[in-house]
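These notes concern the structure reproduced below.
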Amino acid sequence: LQEDPSNREEFLTKRMNLPVTSLETSVASTEELLATKREMPYLLDHQAIGAVDLSQVRDFTAVGLLFKIEEDYVWLTHSYVTKSFVDKTYGYSKPKTAINGKKQFAPIKKWEEQGLLTVVDTPTINPRLVVEWFVKMRDGYGYNLQQIVMDNFRLDIIEPMFIENGFEVSRNGKFEKPAGYRVEALRNPTAIDSFTAPKIETAFANHHVVFGDNDMMRWYTNNVKRRLKPDGNVIYEKKESVRRKTDGFKAFEYAMYQSNQLETVDESSALDVLSDFW
């Protein structure tokens, strides 16, 4: 129960008929978030599940690849943000002297310099940037990307772009081709919260989540609160509606939803096999 708080709530609410009320907590503790700051392992030999959160194209959009290495979930991610939003909300274009002494909710400039995000000077984030990122990961860097999971927002616009680049898009999880590059659009993204909560929170509790040197991803996750509904199901919400963005976490959640499709590779066993050839 310490490792998976969702089980405690489900047991009390659904099995004992004792609803737990007013229970809102963070997805991960400070200690658990700090434990995600580990060196990124070598990823090219591992299968990846891609994910994208397109729900708010006027401010933030997040993309990423999820890998499973032994018991660890490794998340490689990038974000796109509109200049107008980060100017207004975080003082992106202001000199540092102008924000001294004031609480900085998100160091956008610093994260941009670290390559964690791209600032676009357009009213909305062009979905083609999303498709181009996945194509670059697949064809440019050579990651073993077979499937992408996304919400259904603006699907009609982005679907032709995926098809142009060899992806098959499905709205119901069924694909015509037996194999290939696939994009699964979730019909009701919020409905997966209760399904993924035990998996996500157990991974955090056991320090099996790796974000690498990516404080922006830790910021995304820290902005999420988990709320228990009267029926005993968990729902993920923002702690604050405007400044505390959660796009990176939602993309991570979408990938975790299909993480059972990732082939788990035991690196020590793989090294034993390779040693036979040395």
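The values are calculated or read from the model by the stated rules, or taken from the named source; none is laboratory data. Only a predicted model underlies this, so the values are computations on that prediction, with no experimental measurement involved. Because the Cβ atoms are built from the backbone with ideal geometry, glycine has one as well, and the counts that use them run over all protein chains shown. In case anyone asks, the SASA skips ligands and DNA or RNA and just uses the protein heavy atoms, side chains included. Shrake-Rupley method; radii C 1.70, N 1.55, O 1.52, S 1.80 Å.
State whether region 78-176 is rounded, prolate or oblate according to the following rule on the C-alpha gyration tensor (a ≥ b ≥ c being the square roots of its eigenvalues): a/c under 1.5 gives rounded; otherwise a/b larger than b/c gives prolate, and the remaining case gives oblate. Judged from the Cα gyration tensor, region 78-176 comes out prolate (a/c at least 1.5, a/b above b/c).
Can you put Ile69, Ile163 in order of accessible area, largest first, using a 1.4 Å probe?
Details: Ile69 10, Ile163 95 Å².
Accessible-area ranking of Ile69, Ile163, largest first: Ile163, Ile69.
Summing Lys, Arg as +1 and Asp, Glu as -1, what charge do residues with Cβ under 11 Å from the Cβ of Asn172 carry, Asn172 excluded? It works out to a net charge of +2. The Cα atoms of region 119-272 give a gyration tensor whose axes a ≥ b ≥ c have a/c under 1.5, which makes the shape rounded. Among residues other than Pro189 with Cβ under 15 Å from its Cβ, the summed charge is -2 (Lys and Arg +1, Asp and Glu -1). Cβ-Cβ distance of Tyr141 and Ser26, R₀ of 30 Å, FRET efficiency by 1/(1 + (r/R0)^6): the value works out to about 0.40. The local environment of Glu253, defined by Cβ-Cβ distances under 12 Å, has a net charge of -2 under the rule Lys, Arg +1 and Asp, Glu -1.
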